1. Return the pairs, sorted by first residue and then second, in which the second residue is open to solvent by 60 Å² or more (accessible area, probe 1.4 Å) and assigned to a strand (DSSP E or B), the first residue lies in region 346-360 and is under 14 Å from THR425 (Cα atoms) and touching a residue at least 60 places away in the same chain (Cβ under 8 Å), the beta carbons are less than 6 Å apart, and the residues are 6+ apart or on different chains.
2. Taking the condition of being without any contact (Cβ under 8 Å) to a residue 40 or more places away in the chain and either among the acidic types (Asp, Glu) or not in a loop (DSSP other than H, G, I, E, B) (or both), how many residues in region 13-27 meet it?
3. Go through region 28-140 and tell me which helices (runs of 4 or more DSSP H), entirely inside it, have 2 or more residues that are touching a residue at least 24 places away in the same chain (Cβ under 8 Å) and either farther than 30 Å from ASP412 by Cβ or in contact with a Ser or Thr (Cβ under 9 Å, 6 or more places away or on another chain) (or both).
4. For residues that are farther than 17 Å from LEU301 by Cα and either open to solvent by 40 Å² or more (accessible area, probe 1.4 Å) or modelled with pLDDT of 80 or more (or both), scanning just region 49-67, find the one that is nearest to the chain's Cα centre (by Cα).
5. Could you please give the count of residues in region 335-367 that are assigned to a strand (DSSP E or B) and among the polar types (S, T, N, Q)?
6. Residues that are open to solvent by 70 Å² or more (accessible area, probe 1.4 Å), free of Cβ contacts under 8 Å to residues at least 60 places away in the same chain and assigned to a loop (DSSP other than H, G, I, E, B): does region 469-481 have at least one?
7. Among the listed residues ASP393, ASP464, which satisfies the condition of being farther than 26 Å from PHE126 by Cα and outside any helix (DSSP H, G or I)?
Amino acid sequence: MGKKEKRKEKTKQPYAYFGNLLFVCREQWKFRRSYMIAAAATTPMASASAVLAAFLPKVVLDCIERHVSPGELLWKVGLLSLCSVLLAAANNFLTAYCNNSMQIAQNSFWRMQITDKIMDMDYHVFTRKGTRSKREKAMNSLMRNGAPAFIWVNIHLFSALFGFTAFTAIIVRCSFWFIPALIAGYALSVLGWKALQRFRDKLKDEEARIRLRMDYVSQRSKDFAEAKDIRVYEMQPMLDHKAETGLRERVSLLHRIHTGHMFNTLFEDVLMLVTTIGAYAYLIHLKIHTDMPLGDFALYLGAITGFGSWLTRLADAFSESLECAHAVSDYRSFLDIPDERGRTGEPLPAGEDLPCAIEFDHVTFTYEDAEKPTIRDFTLTIRPGEHVAIVGDNGAGKTTLVKLLCGLLPPDSGQIRVAGRDVLTYGRDDYFTLFATVLQSVNFLPATVAKNIALCPEEEIDRDRLWNCMRKANIDEKIASLPDKENTLMVKDIHEGATAFSGGEQQRLLLARALYKDAPILVLDEPTAALDPIAENDLYMQYSTFAAGKTSIYISHRLSSTRFCDRVVLLADGKAAEVGSHEELMRAGGAYAELFRLQSRYYEQEVRAQ
């Protein structure tokens, strides 16, 4: 395939224009029907008002030439003027209503569809670079004339087409040959706008990458958790440099786009000027050499002048509609990213199948663009109700293993089985219900403590169960000391009066959330990272209690946690390097025993310091 064919293939849009229009109309109708009705009503109004205004000088001059009575003149002129004013007023009112509705839709309905898609799509699909690029293009499509504006742009297009047709009909009465000349100028203008749109399409990937980098800096500067590091390590100059670099790149990109737009507009204006001068010359010639009535001269002159305006409006509306159609294609391209995991599948294990057995059978997984697998040929069987600790150095693949087990990532090869069935045969969302997790990232909703733990509406929260789980997680005393207790609001970014919890308290709240869910498989990924040694030991002492009757996986850098588990897996280079109980591995004297003795020495010093 040659370079030219590759460029065509790359910039080709997968969605047809009218398919995009039908999609936007269908979605907008579901959101706000009144907008659709008002937008449709405005279609003929602006052009009809303009046609009446074009006929007004003809009516006045014809009445004067025929020496009609002042009453008849006032009656005709008044009626035409009143109709024109009423149409213009109605059009302005409906236009203001539509613009307001469009802004509401842009900031709520259309943006929410992207948010819903982000939260609902398969995790491994969401993390791909191609998905991130499509997501950014979809968000950009709402900032420029995209999905929310597509209906309104088409209303402008149809209105311009209506006015263009009406003025064409008037001009044809004077001379048919005006039309081909004017249309030729219009065609050249359209070709210029289409070339500009192709140029913009080529820059969209670059624009998305620049925006991602700029958004990263913006988000970091607003994050409370990172505000301390920014100040203590004086990171502002570095972040400012990144922001300024991104800004320069964006300004350069926009300059290229706006330069093309400026030249296109200039070319269009020159074409309109040439055709208008020619029309004036021809009409003056007709008036001098024929008995053309003065009213017709005024009508044709106004029609030709207006024709240039309508032609410009039609060309502008056409180019804007093409831009909108491409933006809608970007929007739909993100929404139409398919799921790769099935939503329905085999029934979940229940009854005698609980607690679940877990089998990793020669599992290999490689991250996108990684040079080597993070997990390779990993094999392990976890017995029903067994508590297994997974330990290893940073980057050994511990968290990746958890993501594979939880169904967030699919293995490249091999198979993961839960209760004897391949996890991919279970329905995706049903499968998630098997797991209660405490992961390294801390995420809370801007809601009450109770809702953040129970993750359900207030009226459905079991208060006794809630407090029992908080007791097990050793956070009950902290919550009981707060004025609003479990109804205390969280996330200060959203609620000004919200309570801020320490890192250790946040981890205990996440543990309470996992215990409240009461799933058959418990996964704890570094749950004690923010706890002091004494608090960590308290959690270990309770571990066998809250993990009773469940299959559990405990990931930690601190090997002292492994004594409370049935077996230990030392992960190294993506493989199970050593497997056995704590005692067995210590007797074996391998890498685990050496690492444990090394940690114990420093751990004892830390406890004495406490």
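1. These pairs meet every condition: GLU346/ARG421.
2. 4
3. Output list reads 33-42, 45-65, 70-105, 111-120.
4. CYS63
5. 1
6. yes
7. After applying the criteria, what remains is ASP393.
The rows are residues; the columns are (1) surrounded by fewer than 18 Cβ atoms within 10 Å (Cβ to Cβ); (2) closer than 27 Å to THR545 by Cα; (3) at pLDDT 90 or above.
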| position | (1), (2), (3) |
| --- | --- |
| VAL442 | yes, yes, no |
| ILE453 | no, yes, yes |
| GLU458 | yes, no, no |
| MET490 | no, no, yes |
| ASP493 | yes, no, no |
| PHE501 | no, yes, no |
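The values are calculated or read from the model by the stated rules, or taken from the named source; none is laboratory data. Since this is a predicted model, take the numbers as computed values, not measurements. A quick note on method: Cβ atoms are made from the backbone with ideal geometry, for glycine too, and the neighbour counts reach across all protein chains shown. Areas reflect the complete protein model, heavy atoms only, side chains present, ligands, DNA and RNA absent. Shrake-Rupley method; radii C 1.70, N 1.55, O 1.52, S 1.80 Å.
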